[in-house]
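No lab work stands behind these numbers, since they all come straight from the coordinates. The structure presented is a predicted model; accordingly, all values stated were derived computationally and were not measured. Cβ coordinates were reconstructed from backbone atoms using ideal geometry, including for glycine residues, and neighbour counts include every protein chain displayed.
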Amino acid sequence: MSLNSIRQKRALAESQKAMQRHHDELPTEAFNETDMRLLWNKFAQRLSDTGQKIMSTYMQINDPELQEDGFTIKLELPNEGSKVDFDNNKIELLGYLRGKLHNHDIVIETHVNETVEKKYAFTPEDRYERLKNINPALDLLRKTFDLDI
């Protein structure tokens, strides 16, 4: 290490600092939910095409909603694991949306909604009850022909 290399590092750091924009100078144009969803789906398709299927799936589980403040995007995910995974990989998505929508105030909030879950029928009785709920005439058929469950 020489004094000359230290001076060059300082000069490089100062020139990079001068080139960086302050947050106040970044664009904050208004956008609507339709434009945001169009770009959201385009990015999800691009991820899918490049092999990043998990992140693409997270993006397509539910439609994102633009909140009333005009720059917060809310996405609902089915469990805490998908939320953590999405949050760890959303940097590229944020950069894409901020650049394309010309708004650097955009924030993506993820929420977990575990109330929506599928109930699977494993036993014959469960399957029969599920089918009977779909078509009540099934019970009449079972009684008419004296069928077991």
### Message
Please compute the length gained on full extension between residue 72 and residue 8, using 0.36 nm multiplied by the number of residues separating them and subtracting their Cα-Cα distance.
### Response
18.9 nm
### Summary
Summing -39500 (n - 2.57) over every DSSP H run of at least 4 in the chain, dividing by its residue total and rounding to the nearest 500, the 222 nm mean residue ellipticity is -17000 deg cm²/dmol
#### Entry: Pairs from 9/53; 53/74; 53/132; 42/83; 53/100 whose Cα-Cα separation, in the structure shown, is over 29 Å
9/53; 53/132
### Message
Considering all projection directions equally, how large on average is the shadow of the alpha-carbon convex hull of the chain, in square nanometres?
### Response
16.2 nm²
### Task
Compare the peptides 3-11, 86-94 by average per-residue count of other Cβ atoms within 10 angstrom and give them in order, highest first.
86-94, 3-11
